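The values are calculated or read from the model by the stated rules, or taken from the named source; none is laboratory data. Treat the numbers as computed from the prediction; the structure is a model and nothing was measured. Please note: Cβ atoms are built from the backbone with ideal geometry, for glycine as well, and neighbour counts cover all protein chains shown.
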Amino acid sequence: MLAVEQQGLDDDQCARSWASSGVMHLTGPASGPPSVSPAGIVRPLRGLAGALASATSRLGSEVRVDPLALASQRAAFTGFGRNGSRSPGGFAQMVWARDGWVTLNLPRPSDTEALPALVGAAVPAGAWGEIEGRIAGMAVTEVVERGSQLGLAVAGVGATGAPQQPWSVRSDGPGRRRGRAPVVVDLTSLWAGPVAGGLLAEAGCRVLKVESSSRPDGARRGPAGFFELLNGRKEHLSLDLPEPVAVNELRQLIARADLVLEASRPRVMHQWDICADQVVEAGTAWVSITGHGRQGPSRNRIAFGDDAAVSGGLVVSGDPPLFVGDAIADPIAGLAAASVAADLLAQGRAAQVDVSLASASAWVRAHAGAPIHRPVVRTGSGWAVELSDGPVPVHPPAVPDGLTTPPKANS
């Protein structure tokens, strides 16, 4: 199975890459300097990018990406900036509980409506100060357990332990190559899964993006250019899921595929009578991207990129902790999923693989090393990191050239 080789970069090299990536621009207090301390994540992220290049070269068409540019893509389209203890997108917030920090991610109207139930009191959903006060009297485990039961994306800082690899593999066996170009059925949405599918399309796979006509990919509601960047190389199919005829058509697509990418909670596939174990036994690889794992008690927990990263410990330490980048668990998990998927296809293997946003983030944090400390200084209208050979400017996010189809301008 694919192994990730760590990159031997010194702190100045990490800080230089971090400053130029766009992610540093998104990290730190809203009204203060960007933070250089998480720059060590350059090492494991470059290791993941190297694993992708190795796997895709064996698959037939080598794909090389700048993993940090990948992590700042969305903000290049949205114009997000750093926001301190609130995520760049504005939906996730650090909150003090009785024994530690938690993050609440509330991107949906129903999330805000559930806050009174979370704190166990009939407080107005918009009374944030009172809600914070109630949470301050609760233990972290209580906040996470109750929030998870309510379907909220909530996590304690650093609650997820680091795995040996940014993915887990089970049910490994021989695959069946059905055509010249591997066929990938992409059932994912938003960011992490579409990144993986887009990179596999870049590697020469035939990627079929399947959406429900009643619930299309939520990324379609965001910047059109970002959606095109992630999905422009794929074929697209809309099915009337969960109608029985559409589910049967989906089963047939999966039966003809070399690999399935999916990011739903396990119960969704169970409702459609689609069993990943049986799919793998028939010779089709199955790569799941989940919030907190496909197995175990957290398999149905909700997670998004910001809260999952916090659970994995990707924060700037402090009171309160600060978010690192924009939903950075999404591109991390997407890069990991693409790497292991390409390796399976190159080997002609069928396996069931789980890439957890929280665990992949914890793996990156574990291999980042100690926080990096370098002076960050004002330079006119911007910022620069002082390194041994001089200052390096901190760049805002920019869409990387040549990753996938150039984005279309938003109307």
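Scanning region 159-182 for residues that are surrounded by 20 or more Cβ atoms within 10 Å (Cβ to Cβ) and at pLDDT 95 or above yields THR160, PRO166, TRP167, PRO182.
When you go through GLY81, GLY40, GLY32, GLY126 one by one, which is the residue that is touching a Pro at 6+ places or on another chain (Cβ under 8 Å), at negative phi, in a loop (DSSP other than H, G, I, E, B) and surrounded by fewer than 24 Cβ atoms within 10 Å (Cβ to Cβ)? Unique residue meeting the criteria: GLY81.
Exactly one residue among GLY318, GLY296, GLY305 is closer than 25 Å to LEU104 by Cβ and buried (at least 24 other Cβ atoms within 10 Å of the Cβ), and that residue is GLY305. Just give me the residues in region 364-387 being surrounded by 22 or more Cβ atoms within 10 Å (Cβ to Cβ) and more than 19 Å from ASP11 (Cα to Cα), in sequence order. Selection gives nothing.
Restricted to region 276-382, the set of strands (runs of 3 or more DSSP E) holding at least 1 residues that are among the polar types (S, T, N, Q) and not assigned by TED's automatic domain parsing to the domain that holds ARG265 comprises 376-379.
Here GLY225, GLY175, GLY198, GLY232 are screened, and the one residue that is in contact with a strand residue (DSSP E or B) (Cβ under 9 Å, 6 or more places away or on another chain), of a type outside the set (D, E, K, R) and under 30 Å from ALA153 (Cα atoms) is GLY198. Restricting region 304-331 to residues that are within 24 Å of SER264 (Cα to Cα) and among the β-branched types (Val, Ile, Thr) leaves a set whose member that is nearest to the chain's Cα centre (by Cα) is ILE328.
For region 254-261, the criterion of being buried (at least 23 other Cβ atoms within 10 Å of the Cβ) and acidic (Asp, Glu) is met by at least one residue. From the list GLU235, GLU202, the one residue that fits, being at pLDDT 95 or above and either surrounded by fewer than 18 Cβ atoms within 10 Å (Cβ to Cβ) or outside the structural domain of VAL247 (by TED's automatic domain parsing) (or both), is GLU235.
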